[in-house]
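Step one of this worksheet: look at the structure below.
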Amino acid sequence: MNEFALIERFFQRSTHDSAVRIGIGDDAAVVAPAPGCELAISVDMLVEGRHFLPDVDPESLGHKTLAVNLSDLAAMGAKPRWALLGGALPDADERWLAAFTRGLFALADRFDVALIGGDTTRGPRNLCVTIIGELPAGCAITRAGARPGDDVYVSGTLGDAMLVLAALQGRTVLDEATLAALRARLERPEPRVALGQRLRGVATAALDVSDGLVGDLGHILERSRVGAQIDVASIPRVPALDERLGGRERELALSCLLAGGDDYELCFAAAAAARDALRAIARDTGVPLTRIGTITAQTGLRVVDENGNAMAAVPGAFDHFRQ
Ligand SMILES: [Mg+2]
């Protein structure tokens, strides 16, 4: 199968999105943003051996390839609209492509995202999505707006993906049901798209937790020129992590909660006056929101353990370039 046949068969679909004036098949796509809207644009690359294993289920990979990009738009408060996919593939494995695109388009359809272009080439497997979303002009949530006295929140639970990875690598043991549930969190993360849009005008700063709470919250603190104090006891977690926090695997649990990446939850700051509004947002979206600390005028991140003591050594963030 040549490149054009492959694109036509697996990636070209009709769209009911009238804002897509010209889709796949021309030299460039043409879209018409809604009047009064700005575009939010982000790109994310997944590399075999680095972000996923060669034997990963291709349908899950299709989901995750798009999910990580949707998560970035959610963090900005944007509504996702269009995506472009660049991919290097070692071969035109039709079964693999069928499963990959099934996972990708199932998620795209749920959020009304149209694939409007892309590029494929032969090479080591590498997938790169560019996502484009819309925002009312001037309403993007950035990392720079957190103010002293703001509450710090996270959505969902943290550490799930790192805990299941530890189990898959034989570093801990999970019962079968927990393993299956957490594996879904790792392989098919749920981007907090509706939550992100509801946080516009409520959150003062936000981002998605892709590299671990400490490192990612650190980006907000740096850009906002503030500090924070967070409490380990209040970080929302699954029972399997809760048990470990008080037991022999405490170090692992702390790493999962503070430095575990890949959960794709949102971390954000909001004024104390927004607490009622946030309770309503959690109720409406069905996404639990947990207050884990406070923004401080004093810079730096203070992590307080369950006994109220500041932790001296805090597990850090995952960094691709740290060896
Ligand atoms: Mg991000």
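Using +1 at the Cβ of each Lys and Arg and -1 at the Cβ of each Asp and Glu in segment 181-261, identify which of His219, Pro189, Ala253 lies farthest towards the dipole's positive end. With unit charges placed on the Cβ atoms, the residue in question is Pro189. In percent, rounded to a whole number, the relative contact order of segment 1-40 is 24, using alpha-carbon pairs under 8 Å and six or more apart.
3J(HN,Hα) couplings calculated from phi for segment 44-55 with the Karplus curve 6.51 cos²θ - 1.76 cosθ + 1.60 (θ = phi - 60°) are, in sequence order, 9, 10, 10, 10, 4, x, 10, 9, 8, 8, x, 9 Hz; Gly and Pro show x.
Spatial offset of segment 94-170 relative to segment 220-253 amounts to 23 Å, using the alpha carbon center of each. Once the Cα atoms are used to define both axes, helix 176-187 deviates from the longest principal axis of the chain by about 60 degrees. Taking amide H as placed 1.01 Å from N in the peptide plane, Ile292 has its amide H under 5 Å from the amide H of Val152, Tyr153, Val154, each at least 5 places away in sequence or on another chain. Counting only heavy atoms of the protein chains and using a 1.4 Å probe, Arg291 has close to 110 Å² of accessible surface. Taking only the Cα atoms of segment 159-216, the ratio Rg/Rh comes out at 1.10, with Rh defined as the Kirkwood radius. For segment 146-152, backbone phi angles converted through the Karplus equation (6.51, -1.76, 1.60; θ = phi - 60°) give residue-by-residue couplings of 5, 10, x, x, 4, 7, 10 Hz, Gly and Pro being listed as x. Using Cβ point charges alone (K and R +1, D and E -1), the dipole size of segment 124-216 about the Cα centre works out to roughly 180 debye. Between Val209 and Tyr264, Glu265, Leu266, Cys267, the built amide H atoms are under 5 Å apart, and every one of these is 5 or more places off in sequence or on another chain.
Just the protein heavy atoms count here, and of the accessible area of the chain at 1.4 Å, carbon and sulfur take up 51 percent.
Given the convex hull of the Cα atoms of segment 203-323, what is a quarter of its surface area in nm²?
Projected area, direction-averaged: 8.4 nm².
Heavy-atom accessible area, probed at 1.4 angstrom with all protein chains present, ranks Leu165, Leu182 as Leu165, Leu182, highest first. Its Cα centre serving as origin, the chain has a Cβ charge dipole (Lys and Arg +1, Asp and Glu -1) of approximately 720 debye.
Can you tell me the dipole magnitude for segment 3-130 around its Cα centre, using point charges on the Cβ only (Lys, Arg +1; Asp, Glu -1), in Debye to the nearest 20?
Result for segment 3-130 is approximately 220 debye, rounded to the nearest 20.
In the context of the full protein assembly, Ser14 retains an accessible surface of approximately 110 Å², using a probe radius of 1.4 Å and ignoring ligands and nucleic acids.
Taking the DSSP bridge list for segment 43-194 and keeping only pairs wholly inside it, about 60 percent are antiparallel. Entry comment: accessible area of the chain is 47 Å² per residue, from protein heavy atoms only and a probe of 1.4 Å.
Here the chain carries DSSP beta bridges of which approximately 75% are antiparallel, counting only pairs with both residues inside. Our note on the geometry: Cα centres of segment 1-75 and segment 254-268, 25 Å apart. Projected over all directions and averaged, the alpha-carbon convex hull of the chain occupies 17.5 nm². For segment 226-323, the list of chymotrypsin sites (Phe, Trp or Tyr not before Pro) that fall in a loop by DSSP and count at most 10 other C-beta atoms within 10 angstrom reads Phe321.
The values are calculated or read from the model by the stated rules, or taken from the named source; none is laboratory data. Just so you know, these numbers come straight off a predicted model, no measurement behind them. Cβ atoms come from the backbone with ideal geometry, glycine included; neighbour counts cover every protein chain shown. Accessible surface areas use protein heavy atoms only, side chains included; no ligands, DNA or RNA. Shrake-Rupley method; radii C 1.70, N 1.55, O 1.52, S 1.80 Å.
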